[in-house]
Each structure stands twice: as C-alpha cells, then as structure tokens.
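Q: Please find one structure pasted underneath; my questions will follow.
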Amino acid sequence: MARVVVDVMLKPEILDPQGQAVQRALPRLGFEGIADVRQGKRFELEVDGPVDDAALARINEMAETFLANTVIEDFTVKVEEPK
Amino acid sequence: MARVVVDVMLKPEILDPQGQAVQRALPRLGFEGIADVRQGKRFELEVDGPVDDAALARINEMAETFLANTVIEDFTVKVEEPK
Amino acid sequence: MTLDTVKHASETPEAEQPWKELGLKEDEYARIREILGRRPTGAELAMYSVMWSEHCSYKSSKVHLKQFGEKVPANDAMLVGIGENAGVVDVGQGYAVTFKVESHNHPSYIEPYQGAATGVGGIVRDILAMGARPVAVLDPLRFGAADHPDTRRVLPGVVAGIGGYGNCLGLPNIGGEVVFDACYQGNPLVNAGCIGVMKHEDIHLAKASGPGNKVVLYGARTGGDGIGGVSVLASETFESTGPAKRPAVQVGDPFQEKLLIECTLEIFREQLVAGIQDLGGAGLSCATSELASAGSGGMRVELDTVPLRDSSLSPEEILMSESQERMCAIVEPDKVDRFMEICEKWDVIATVIGEVTDGSQLEIFWHGEQIVDVPPRTVAHEGPVYNRPYARPAWQDELQADDANKLPRPANAAELREQVLKLVSSPNQASKSWITDQYDRFVQGNTVLAMPEDAGMVRIDEKTNLGVAMATDGNGRYAKLDPYTGAQLALAESYRNVAASGARPLAISDCLNFGSPEDPDVMWQFAESTRGLADGCLQLGTPVTGGNVSLYNQTGETAIHPTPVVAVLGVIDDVTRRTPVAFAEEGQLLYLLGDTHEELGGSAWSQVIHDHLGGMPPKVDLDREKLLGEILISASRDGMIDAAHDLSDGGLIQAVTESCLRGGKGARLVVPDGLDSFVFLFSESAGRAVVSVPRSEELRFNDMCGARGLPATRIGVVDGEEIEVQGEFSIPLTELRTAHEATLPDLFA
Amino acid sequence: MTARIGVVTFPGTLDDQDSLRAVRTAGAEPVSLWHRDKDLKQVDAVVLAGGFSYGDYLRAGAIARFSPVMETIIDQAKAGLPVLGICNGFQILTEAHLLPGGMLQNSHLHFICREQKLRVETSDTAWTADYTAGQEIHIPLKNMDGRYVAEERVLDELEAEGRVAFRYLDVNPNGSLRDIAGITNAAGNVVGLMPHPEHAVQPLVGTGRTDGLGFFTSILKKLVNA
Ligand SMILES: Nc1ncnc2c1ncn2[C@@H]1O[C@H](COP(=O)(O)OP(=O)(O)O)[C@@H](O)[C@H]1O
Ligand SMILES: [Mg+2]
C-alpha cells in the first residue's frame, strides 16, 4: 500500500490566525528567530493499488474539490516513499 | 530565509475522527480506493539565519514542548529545500 | 509605478478609467467628475465605487425604506433611529438596548464557514460601535432543499462558522431560524442578529468632530481581503507589483474580535472616544467617509501609516480592503496615550492614522502626496438614488388562484395521523437541535430562554431581573403569494413569539432578502413588502430601528422567494415571569387563543404533503395580534399561564407537538365544535397561540379573555404519554420524538 | 472570615464573569487574576475558567499554559494550592501536566452544547467534598475539544487510585475514554472537568438548576475550616 500526502495551506494573502497565534507565542517561550509561521492541514492517504498517473490525477481532483477550498487554500500532492 | 516544516499527527493508536470523516465521505463523492485517511497539522516556519544543527535542535525542542502534545501526538521536523 | 495623485488627475483629464469594471454606471461616473470638477484619482474612484454600490448605498431600496421613518412614529422608547450603525431603544432602569440583523448571503455560498463566521463578526462590531456590550446573537438561516447534495456542503459549514465565531466570542446564541426551500439552492440566506446593552449615557455615535482630534485605527492589520473590484483597478489602470487577484472572501479571527470587544468596552468605560465606527463593508473607505460626513469638519488621513499584513497592497486596495476585526475611533489628543495603553493591555494594535480638520474635505495622503480630496458627504450619504421600475408580476394572479384550500385532504383518521407524522418530521418542521446544539447558549450566565423557545431572553440586570427578548421570523412562501401580507405575517409572528415569552414588544429590525432590483417583478415584491412592513409597524406601534437590505439573491434569472426577515425586540421587567413553551404540568388545561379559519395557502402542510405553493397566505389582523400579545403578557405577569406557544407554520399540531416534547408530557385534544379536525390541526391562521392554564387559574383566565374580547377555546388537557386527538388518532410521544428529532441528524450528521 | 478565590482571565477567556459570580454566590470573595501577572494576590484557591484562551488556535490550552500567571499556579498547585479547571481550564491543566492525559476534538467533530448528566465519583477532593460519591448532577456542557484521552496504563491507574472524579451518564457527548468527564490529581487539590458547574448556580438562568454550586461551597468550607 502506498501513501500519498496532501498538504493544504491557506493562500499566502489570506489571514492565518492560527499561524499568527503560534508565532506570537514563540518569543514568550524563549524561541527567537522565527520570522513567520503558517499553519495548515496534512492528510495522509493510504492508497489501495498502485499510485500511477491515473490515481494521482484522481487524488488531485479530490484535493481540489474536497480536501481544500481553493477560494482560500492551496494544496500540494506528494507520493511518500515507502520507508 | 529557510523554511522548516513540522508535521504533527495523532499517535497511531489514537482515534482520528477527522480522518475517518474524510474517508467516509470519499466514496459518496465518487472517490474509491483510499484505504485509510489520517488528518494532522502542518506548520511552516520561516527561519531567520542558517538552519544549522543548533537551529534544528531548537526547533525540535519547540515541536516537542509546544507545537505537539507528545501525550497524544507525534511530530517530524524537515528542512524544506529552497525552490 | 505612477501614483495617481489629485494633481496628476487634474493634469490628465482624459485618462481612461475602469469605472465600468468597478460596477459604476456611466452617469454615476459622470456625476463623480461633476462633484470633483475633474476626473477622480484611482483612490477616489475606488472609494466612490464601493460606497455607491448597492450594498453600501442602498440606491435601489432607499426610496422605499423612507416609509419606515416617515410613516411609523418613533415611540417613547426610541433613542436612536435609522441611520446609525444600529438603532437604540430605552428599556427602562437607565438601560438602553441596541440590536440589528444583517445578511452575509453571498460570501456564505462561496465559503460557508468563513462567510457565516465573518457575518457574525460584522454584526457584533456594529453593535459594539454603538457603545454597547454585545449580549446575544441570533441566526436566521435559509438553505436549498434539505436533501440536495450542495446543502450538505453549505449547511454544516455555515453552522460551524456561526458557532465557531460566536462561541469563541462568548456570546450566547438564543434563537434564529432554519428554513429549507429549493429557491435558496444557489443562494442561501445567512442573516445574523445581535443585541447589545448599555446605559443611556454610554451611547456612542459614528461621527468625527472636533478639529485636532485624532483618527485611530485599531484591531487587526489590513490585508488583501474581500477586495473584488480593486483587482480591476490594479490590473487595468495601474502597473501593480502585487498579486493581481485578491481573494473576495475574508477569513475571520474571532479571538481578535473578542479582544477588540473587551478593549473597546474598557475604552468606553473611561470615556476616551468622541466618535467611533466599525469597519465592515468597504473598509476604510466607508469608515473615514462616514465619520467625516457625519461630523462637522473635514478629515486628513495618512494612509501609509495603516498597519499592513501584506506590504504589497496599493493605496486603493488599502482603502477598499474588508479585513475583519478593525475599528476606527475619534480620540481627543490628550486621551490618545491612555487609549493606546488600553489597546496594549489587550494586545490590540492601534495607530493614529490622521486627524479631524476644520476644513470640509476628506483628504488622504500616501507618502506625502495627496490621493483623495473629496467632500465626504458625496461619498457616504449622497450617493445615487434610483426609482427602479416595478410592476405586479404577470404570474401573480395565477399563483394566487391556485388555491391550496382545494388540495386533497386526508380521507380518514389513519391518513390524518400519517400526515401529522410526515409534517413534524419534515426538514422545516423537524427539531433544529442538531444545529442549535452547536451553539453555546449558556455563556455569560444570563440566558433565561433560548432555542427551542418562542423567543430568546437574556437577563440584563442581576439585581432587578430586568430582561430583553428577541425573535426573528420570516416566511418566504407567504411573501411569494402576497408580499404585502407576507411581510406583515413575518412581523406578526415575530411579535407574537416575543409576547408569548412574556415580554412586551418594543421595536423591530429587519433584513430584507430579495432578488435583483433590476427585475420589475422583484422590485414590486420589495415595494410591497416594505409597504406592508411599514403599515404593520404603524399599527402595532413598533418603530423600525434599522436593518439591512440584501438584493441580487438569485441564481441566474431565478430570484429567491421574497424573504423579509423581521426581528422584534421586547422587554420584560422581571424575567422570573417568563413563559416557556413546555407543557410540563400534568392536568393543566390547554386553551387555544384566537380564531381558526380554513387557511392553507403557503402552509407547511401544502408543502410537505403536496409540494404545493399557491393561493393566498393567511389573513393578518394586527389589532388582534396586539390584543393577543397583551393577554399573553398579562397572563404571564399574573401567573395565569405556565406555558405558551405561538401557532405558525405547521399550525396547531406542530405547536402542541413541540410543547409536549419539550415538557415530556402528552396531551389529550378535543376538536372544538364547528371545526373540521383537519383544519383544526393544520390551518395556519395568524393571531393564535396555545397556552397551558393551571386549573386554579381557569376562571380568572377565562374572565380576562372574555372581558377583553379574545376568543379562548378549551381544547384539551396535558396528560399521559401520547398526543391524542379524541375520536381521531393518538401517537405516542416516543414515536413523535423520533420522527421530530431524527430528521436533521439523518441528513447532516 | 471568608476565602479569597481567584479566577484567571486570559485573552479569550469567556466564563470568567460566570465563575466570579459562582464564587460570590457560594459566599466566597471573588478575585480577578490577569494572565500577565505572576502575582496571585494571595488567593486561597484558583479557578481556571472556560473559553478559548489565546484563541486556542494551536491546541486548546497549549498557549495559556506558558503564560506568566500559569508559572506561579503550576508551582503553587504542586505545593497544594487548590485549582479547579473548567473546560478550557481543564485543557490548560492537562497541557501543563498538572493532570495526566490530553484533550482532543470531540469525536463527532462538532461543538456541542447540552445539559449533561454526570456522576460525581469521589468526594475526596477540595472541590467535591459537598457531594456524595455516586451523586448524579445535571450541569451544562459546551466544548469543541472535550474528548479526554490517555494511555491505557494511565487510565487504569486513575481508576485504581479513585482519581476519575466525574463520569458522563446517559450520553458520552464527545467520545471521552471510559466516559471520563473530569479527573483529580493524587493530592485532590487539582481538579479538572469539561462540563460547567459555574453555569448551574442560579435557578433562573442556564439549566434552571443549581447542581453546580457544590463545587464552590466545597472549596469554601474547606478553606474556612482549615
Ligand atoms: N439557526 C438557528 N439558530 C438558533 N436558533 C434557532 C435556529 N433555527 C431555529 N432556532 C430556534 O428553534 C426554535 C424553533 O424554531 P421555529 O420553529 O422557526 O420557531 P417559530 O416557528 O416559533 O419562529 C426557536 O427557538 C428558534 O429560535
Ligand atoms: Mg414560535
């Protein structure tokens, strides 16, 4: 079984209150030197069968129509190498 | 500026209803062949300065004490190659 | 990149400008040029185009809305009327209450969660800007068909967004509506209401006066949110370095808004502001021009001092950005330091961006160069006004002739029973608790009544038990059949709901959701509805304190049902006297107040059983509504009733079912003499309520109704574990409960 | 003499006013504490109220746990200061490792607001002495991240030591393991639970019951008799 990872992040121009909250807290915890934090979602999909182009195309469509709302979010699809 | 990505996922033994909800919805939307879905968080950190071992050690500590709650979550830290 | 300064605009009168792409009409653009005596700069064009949009200028609706102020006299309670961020009424003991309903329909279709969330955020800031502490929210919602796949996308997102934002602000959600109808398929209605409380002396107005006073922008940083038209400006006129396409949807940060609320209330407590305005639609364009327009002098703003989230924004974009969670205050110079300290305490960014001048112009500068020089009134208050043509639709007669009273009725008791179960389990009549359980109704510890009660009620003074109540109602089906009557029915139902809870109705707000004003059919619906509402308010003595108009609610050529939503605010001197809907005391007598006629036009029964819409809606008798209200209020105050539930869609059987399920007790009903059992159960005649009377109070209660001339018919008794209609059928409560409560979870969980 | 009970306000705390009211209703002296102050104003006990501290954007309670006021509270709680964490307060206590386990999003993924039936499993804590073990109470519940989880070993230990303080009855509203609604530390001074006793102290509002008042009278008696 292969694993495909879909990362969904807010588009850069969209307000990311989650990332901001983390970033604001860091200096208070003694972590300096982080210029920006963005927080998004990670989906790990276990795919039955081979991850060929057809399967990837389907997963791309799934990400586009369902996992992300492309009005405000971008996504990337990656096949993860089996360890 | 370099980017470090911290992925935080629920420990495998902990029920992940978000991932399950996604998985259950997929067949309804016409997507078959996904055996399992887990949903987690992705943090993209923009780091000032070089991402050397010292910086990575700090980020690991940050993930361990703050970005993840290791009672329930696992995390991984990755340096992202500049594109 | 050339900056389009005022000077540059004067020197280049012939430069092409994208007024059309920004939604301006040719004559509107010409008028701007006439006002300014030159072509507008890019920034000025941006401001005029958003402020003269339908949404901000009310250009199609203004001529009709005027009636609310002209026809309906302000009653003694009215402290601030239409025109401010929200109206204010006096509720006694030195308290004032402000409330309003707004729409966020279109964004909620595109991005249900954020669209709905920012809708809540916007109305709460409106209330806050009046000087009040927000104390409760309500959410009248309308979706497409319950079983349509897209409703599965829209509804859960909208509900999560309203809950996610409101719950995080710590505002109890105390009521609202959920209606399903195919006409809202591509155009859900997400309306949000808010109530705020203050002392009389704390009322604040949106005006900038006092030359030398500082203009302070505080709250979130400004980003590229919600700038639809500006991308046009950026791409067509200006060499833009920033991203060409800006998102039309805003993302809210309720946590930031919570800080903004607490920070602003502390600023009010120390009397640090001379004027204040929230930033909503049209962002800084709106806030600066409205503040300046309502004030005495001019205003000068250094736009490059605005804290940005995205440094690539152009001045036009900054002026139009609809980034959420921002406010603009006018502060006397010697109070600025303290103002800033309070903001710092709450981690709120605050910046002096300009000052009030003794001139008459709104002047905006960018890196020292003037880019705006306009008379503020022409932007904010003297926009275009249209007298759009309207005419009774050609199909109206046919629709009204298609009489619902002639539809086939249940042939026997078994069919009657089956139809009752169908009715109470239909999506529109089913329990909404799957939705409302996602809203915090307990926070702040003052909620006396909340869903599924007739009206939400909150205590506003812990010592005296003074409280306020509010309900929202609207029935697009009725309004489609007859918009004049439909609007009055919405008013009557909301009024009745408030009275049924024991509170005295004082004033109303409304949210008028309609299709395109450029369609004469729709414009007629709008004209008729506003006329009906104004006449109704005059008759009931409830002034309109403010509201909101949402037009262009349509998919392609097809408009939604005309949907005027009315929110009635009431006051109750002692919340311990409130009346719940639950039938909880075995043996109490059930009385039906009001008259029942054969009225099935637009009814829930006609929709559920026959998928039919036609005929005439129920008749309205507002004098009767007023009398019914008085009786309900007196009876509650004097302890003559223990429960009351108004009758509306679904008729008597729906109301009795809800009250029985709420109280966990059954009822035995007897069909009154002269009434057909079908009509008794399903008719939707207005002006009615069912009440539960302790036996010891029966005489007194009957005397009161008799003396005041309100028909009161004994229809049964609270008893047992089932609802029995004598001689017809009985249904166990458990069966009713399953039917009533399983529908929404089955559809959406 | 009466006891001084502090209620912490973090940015984003929502139920601080209700908690102060509950303290007052029970007859104790309510004291407001501010997240930026390390000073606890010599209070005898602390309530961490519900809400969304710092927006709860990372994980519920994760940021609040690092606030200045929590530094002092963590130290003093270890030394015996009675602390009650309600909802977000409970989440903060687990994040601070004053209580074991962690909180996750409700298993049905929705915010849930309901009147909840609970069983008080122990009266051996600073905050439950006025109840009897096994007593059933109704108080409001409202949360997004209310699913209590911990390793099996930890759960077994909690049960064995009688440290499961409250259990959900009738309905498990959020998927919490073993129906756990609240727990206590071994010393019984630190208690956390998801439902909201402070919303059930006056008959007129909320659920119309006063089942939650016992939390506040328990601590008052303990402190005054001490
Ligand atoms: N979206 C909503 N948000 C909050 N409360 C709601 C919502 N929808 C319905 N309710 C509540 O559910 C109850 C029943 O609604 P409804 O049948 O529309 O009442 P009515 O017919 O008396 O106006 C009321 O208390 C109403 O306020
Ligand atoms: Mg009602």
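Where a number appears in this text, it was derived from the coordinates with a stated rule and is not lab data. Not measured: the values here are computed from a predicted model. Note that we place each Cβ from the backbone using ideal geometry, even for glycine, and neighbour counts take in every protein chain shown.
Q: Can you compute the charge dipole magnitude of the protein assembly as shown about its Cα centre, using +1 on each Lys and Arg Cβ and -1 on each Asp and Glu Cβ, nothing else charged? Give it in debye, rounded to the nearest 20.
A: Values: 103 positive and 166 negative charges, 373 e Å.
Dipole about the Cα centre, nearest 20: 1800 debye.
Q: Tally the DSSP beta bridges in region D:4-225 and give the antiparallel ones as a percent, rounded to 5.
A: 55
Q: Going by C-beta contacts inside 10 Å, put C:S57, C:S692 in order with the fewest on the left.
A: C:S57, C:S692
Q: From the residues C:G615, C:L205, C:A411, which one has its Cα farthest along the dipole of chain C in the positive direction, the dipole being from +1 and -1 charges on Cβ of Lys/Arg and Asp/Glu about the Cα centre?
A: It is C:L205, whose Cα lies furthest towards the positive end.
Q: Around C:V336, what is the net charge, scoring Lys/Arg as +1 and Asp/Glu as -1 over all other residues with Cβ under 13 Å from its Cβ? Let's see the in-between values first.
A: Values: positive: C:K214, C:K335, C:R338; negative: C:E270, C:E332, C:D334, C:D337, C:E341, C:E344, C:E355.
Net charge around C:V336: -4.
Q: Looking only at other chains, what is the average number of their beta-carbon atoms within 10 angstrom of each beta-carbon in B:68-74?
A: If you average over the peptide's residues, the count of other-chain Cβ atoms is 6.
Q: Okay, moving on. Please arrange C:T545, C:T222, C:T12, D:T72 by counting, for each residue, the other beta carbons lying within 10 Å of its beta carbon, fewest first.
A: With the sparsest Cβ surroundings first, the list reads C:T12, D:T72, C:T222, C:T545.
Q: Looking at region A:31-83, which GluC sites (Glu not before Pro) are in a loop (DSSP not H, G, I, E or B) and have at most 11 other Cβ atoms within 10 Å?
A: In loop regions of region A:31-83 (DSSP not H, G, I, E or B), the sparsely surrounded GluC sites (Glu not before Pro) are A:E32.
Q: Which of the GluC sites (Glu not before Pro) found in region D:121-203 are in a DSSP loop and have at most 15 neighbouring Cβ atoms, other than their own, within 10 Å?
A: Sites meeting the loop and neighbour criteria: D:E161.
Q: Then there's this: Taking beta carbons within 10 Å but only from partner chains, what does the mean come to for residues D:55-67?
A: Rounded to a whole number, the mean comes out at 6.
Q: Ok, one more. Given +1 on the Cβ of Lys and Arg, -1 on the Cβ of Asp and Glu, and no further charges, what dipole in debye does chain C carry about its Cα centre, rounded to the nearest 20?
A: The calculated dipole for chain C is roughly 660 debye.
Q: Still on this structure, I have one more. Of the beta bridges DSSP finds with both residues in region C:481-581, what % are antiparallel, to the nearest 5?
A: The answer is about 65 percent antiparallel.
Q: So, one more: Work from the charge dipole of chain C (Cβ charges, +1 for Lys and Arg, -1 for Asp and Glu, about the Cα centre) and give the residue of C:L533, C:A182, C:Q114 farthest towards its positive end.
A: C:L533
Q: Would you mind checking the pairs C:K432/C:K665; C:K100/C:K214; C:K100/C:K335; B:K11/D:K38; D:K38/D:K222; C:K626/C:K665 and listing those with alpha carbons more than 23 angstrom apart?
A: C:K100/C:K214; C:K100/C:K335; B:K11/D:K38; D:K38/D:K222; C:K626/C:K665
Q: Here is a follow-up. Tilt of helix C:42-51 relative to the longest C-alpha principal axis of chain C, in degrees (0 to 90, nearest 10)?
A: Helix C:42-51 and the main axis of chain C meet at about 20 degrees.
Q: Once each part is reduced to its C-alpha centroid, what is the distance from region C:689-715 to region C:388-425 in angstrom?
A: That distance is 32 Å.
Q: How much net charge surrounds A:E46 when only the other residues with a Cβ under 12 Å from the Cβ of A:E46 are counted, with Lys and Arg +1 and Asp and Glu -1?
A: Local net charge: -2.
Q: Nearest 10 degrees, 0 to 90: what angle lies between the long axis of helix C:733-748 and the longest principal axis of chain C (Cα atoms)?
A: The helix C:733-748 is inclined about 30 degrees to chain C.
Q: Using only Cα atoms, tell me the angle between helix B:17-28 and the longest principal axis of chain B; keep it within 0 to 90° and round to the nearest 10.
A: Approximately 50 degrees, to the nearest ten.
Q: Find, among the GluC sites (Glu not before Pro) in region C:652-726, those assigned to loop by DSSP (not H, G, I, E, B) with at most 16 other beta-carbon atoms within 10 angstrom. The partial results should precede the final answer.
A: On the way: sites: C:E658, C:E684, C:E697, C:E698, C:E721, C:E722, C:E724; in loops: C:E684, C:E721.
Those that pass, being in a loop and sparsely packed, are C:E721.
Q: Less than 10 Å Cβ to Cβ from C:E586, Lys/Arg counted +1 and Asp/Glu -1: what total charge do the surrounding residues give?
A: Working: positive: C:K665; negative: C:E585, C:D719.
Local net charge: -1.
Q: Also: Which chain A residue puts its Cβ closest to the axis that rotates A onto B, and at what distance in whole Å?
A: Reported as residue, whole Å: A:R42, 2.
Q: If the cut-off is a Cα-Cα distance under 20 Å, which lysines reach C:K480, setting aside same-chain residues fewer than 8 apart in sequence?
A: C:K406, C:K619
Q: Say the dipole of region D:4-225 comes from +1 at the beta carbon of Lys and Arg and -1 at that of Asp and Glu; which of D:V8, D:V205, D:F215 then lies farthest toward its positive end?
A: Going by the charge dipole, the pick is D:V205.
Q: Let me ask you something else. Of all beta bridges DSSP finds with both residues in the protein assembly as shown, what is the antiparallel percent, to the nearest 5?
A: So the antiparallel bridges amount to about 80 percent of the total.
Q: Would you mind pulling out the separation of the Cα centroids of region C:95-118 and region C:168-204, in Å?
A: Using only Cα atoms, the two centres lie 7 Å from each other.
Q: Then there is this: If you take each beta carbon of peptide A:54-64 and count the beta carbons of other chains within 10 angstrom, what is the mean?
A: Mean inter-chain Cβ contacts per residue within 10 Å come to 2.
Q: At a 10 Å Cβ-Cβ cut-off, how would you order D:L109, C:L661, fewest neighbours first?
A: Ordered by Cβ neighbours within 10 Å, fewest first: D:L109, C:L661.
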